[in-house]
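For reference, the structure discussed in these notes is given below.
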Amino acid sequence: MIVDFTVSNFRSIKDEQTFSLYVQIAGSHLPENISYPASDKIGVLKSAGLYGANASGKSNLLLAFNALQYIVVRSGDLKEGESIIHEPYLLAEDSKLLPTRFEVEFFVPSEENVQTKAVRYRYCVAFTAREIVEESLVFYPSGQEAKIFNRGVEDTWQTIPFGSLYKGGKKRLPFFANNAYLSKAGDSADTPKMIRDVYNYFRKNLLHLGVNQRVSKLNWLEDIELVKKVAKLLTLVDTGILNISVQERTDADVDADMTTLPDDIPDDIKLRFLNDRKYKPLFLHSTETGNSEPFDEKKESAGTRKLFHLAPLIFETLLEGGVLIMDELDNNMHPFMAELIIKLFSDTRINKGNAQLIFSTHNINLMSAELLRRDQIWFTEKQQGVTKFYSLDDFDKNKIKPQSPFNQWYAEGRFGAVPVINYQGIVDLFNATGDVNAQKDY
């Protein structure tokens, strides 16, 4: 589970900002929305929602999780001198060459100690376009911080220092300046298990979905039991679907898929693309005579298609205890469906593996005291091009109570993070006789 995530110098996030899922005071409001991954002492929220105006930085915060995952999982594959994906704040000259910095505190499930349940870690990394300038990993074996490794700007693979509790395999591995040590060590079979556990947590358990992005388990349509579960879910949410059948794609289907690919695409990628689309779903609907009529996916509504592709990820995340990060959760989906997904993550009968949902939305109906706690509601606001984020829990608790109408007060502008619209300026624009301030280029 993610406890805290601190970001600086990434896209519109210039100054250090912390997005926290740590529960400072559990209280009596929606206690089922809190998990205790290691003990009753540290509570972590199962979900959190981001609100803010368009271009306020919501997507950038969610993309920061994606960038962190890239550093941990992919930077170890970079050849010497290759560029790291570095997206600093660009509206200040001094920020362009400064490192981006991420710090994340998280819990990794413990397979060896059932009583401990999960181990708490904190990982820090700072990087420019060409090198990792800072990297460290600590853990808390008995409540006290213990070093695993601490890499400074001058350290090489030969000088990086390790902690005394980091043992059980080969620790010192060659890496280039643009490789994260965690990425190299975590992907090596002969390193200590703890480093591989952390690496695999980021590799397997973080899934980021952008707006309209369709990511699903590869070849999940081959999993008959999973298809049955998804079909049953769709029947239970009033989509009109009776069942789902799965068929192999025909030659005509393959030919149609091929037309969407660039001519110069490598053969291995082309083969993987086609293998991932070996099967196609057909959605069965009841006819007036009591029979069933198969519909192609294209005939289903956008909301049904989104839920169909999202459902396997929800099942997997809830089963394995992952972190599902979604930009615009309710896009192409009825608000009731978005509310359903949040409820699934909060329900202790379903979410038994400490899974988390982090999402952005413009739907203020989801900002409900019956659905979310104050500390689960976050806002992003941009001031002079710089994104700030803050929680509803930061406001005066004597005035903002659990039973307060969060969504109504947000709509009234009490919490900020709403668009500022110059309506008179828009009226003047439409009434203007000429294209004022426009520069003609002949």
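The values are calculated or read from the model by the stated rules, or taken from the named source; none is laboratory data. Everything numeric in this text was worked out from a predicted model, so none of it was measured. We place every Cβ from the backbone using ideal geometry, glycine too, and count neighbours over all the protein chains shown. Just the protein is used for accessible areas: all its heavy atoms, side chains included, with ligands, DNA and RNA removed. Shrake-Rupley method; radii C 1.70, N 1.55, O 1.52, S 1.80 Å.
Taking each residue as 0.36 nm, the span from Q424 to S245 lengthens on full extension beyond its C-alpha to C-alpha distance by 58.9 nm. Phi angles of the stretch 63-77 translate, via the Karplus equation with coefficients 6.51, -1.76, 1.60 and θ = phi - 60°, into HN-Hα couplings of 5, 4, 4, 5, 5, 4, 4, 4, 4, 6, 9, 10, 5, x, 8 Hz per residue; Gly and Pro are given as x. Please state the shape class of the stretch 1-48: rounded when a/c is under 1.5, otherwise prolate if a/b exceeds b/c and oblate if not, all from the C-alpha gyration tensor. Judged from the Cα gyration tensor, the stretch 1-48 comes out prolate (a/c at least 1.5, a/b above b/c). Solvent-accessible surface (1.4 Å probe) assigned to L78 amounts to roughly 30 Å².
Accessible area per residue for the stretch 58-112 is 49 Å², calculated with a 1.4 Å probe on protein heavy atoms, without ligands, DNA or RNA.
With all protein chains in place and a 1.4 Å probe, the accessible surface of the chain carries 49 percent carbon and sulfur.
Cβ under 11 Å from N243's Cβ, N243 left aside: what net charge do those residues give with Lys, Arg +1 and Asp, Glu -1? Within the 11 Å Cβ shell, the charges total +2. Quick query: amide H of L209 versus all other amide H atoms, modeled in the peptide plane; which residues come in under 5 Å with a sequence gap of 5 or more or a different chain? Correct list: I325, M326, D327. Think of the chain as a dipole: +1 on every Lys or Arg Cβ, -1 on every Asp or Glu Cβ, centred on the Cα centre; then among L313, A355, F149, F149 lies furthest on the positive end. What whole-number distance in Å separates the alpha-carbon centres of the stretch 110-159 and the stretch 355-408? When both Cα centres are located, 31 Å separates them.
L319 contributes about 140 Å² of solvent-accessible surface, heavy atoms of the protein only, 1.4 Å probe.
Within the shell of other residues whose beta carbon sits under 12 angstrom from the beta carbon of K96, the net charge comes to -2, with Lys and Arg scored +1 and Asp and Glu -1. The overall shape of the stretch 127-201, judged from the alpha-carbon gyration tensor, is prolate: a/c is not under 1.5, and a/b is greater than b/c.
Derived scalar couplings between HN and Hα for the stretch 3-9 equal 9, 9, 9, 10, 10, 8, 6 Hz in order, rounded to whole Hz, by the Karplus curve 6.51 cos²θ - 1.76 cosθ + 1.60 (θ = phi - 60°), x for Gly and Pro. Mean-square fluctuations from a GNM of the chain, with a 10 angstrom spring cutoff on Cα atoms, peak among G240, G290, G27 at G290. Under a 5 Å amide H cut-off, with hydrogens placed 1.01 Å from N, E134 pairs with A126 among residues at least 5 apart or on other chains.
Comparing mean-square fluctuations of D330, D15, D251 from a GNM of the chain with C-alpha springs under 10 Å, the top value falls on D251.
Residues considered: P37, P281, P312. Largest GNM mean-square fluctuation over the chain, using C-alpha springs under 10 Å, is found at P281. Straight-line cross-link reach from K343 at under 16 Å between alpha-carbon atoms covers these lysines, not counting any fewer than eight positions away in the same chain: K46, K352.
Checking every one of the trypsin sites (Lys or Arg not before Pro) in the stretch 62-105 against DSSP loop status and a limit of 11 other Cβ atoms within 10 Å picks out K79.
Placing +1 on the Cβ of every Lys and Arg and -1 on the Cβ of every Asp and Glu, with nothing else charged, gives the chain a dipole about its Cα centre of roughly 1260 debye. Near L366: Cβ cut-off under 12 Å, other residues only, Lys/Arg at +1 and Asp/Glu at -1. The net charge is -3. Rounded to the nearest Hz, the phi-derived 3J(HN,Hα) couplings of the stretch 373-385 under the Karplus curve 6.51 cos²θ - 1.76 cosθ + 1.60 (θ = phi - 60°) are 7, 4, 6, 8, 9, 10, 10, 10, 9, 10, 10, 6, x, where x marks glycine and proline.
Per-residue packing, averaged as other Cβ atoms within 10 Å, sorts the ranges 368-378, 223-233 into the order 368-378, 223-233, beginning with the highest. Considering only alpha-carbon pairs that sit under 8 angstrom and 6 or more positions apart, the relative contact order computed for the chain is 19 percent.
Think of the chain as a dipole: +1 on every Lys or Arg Cβ, -1 on every Asp or Glu Cβ, centred on the Cα centre; then among N66, L282, A252, N66 lies furthest on the positive end. The overall shape of the stretch 9-115 is oblate: from the C-alpha gyration tensor, with semi-axes ordered a ≥ b ≥ c, the ratio a/c is 1.5 or greater and a/b is no larger than b/c.
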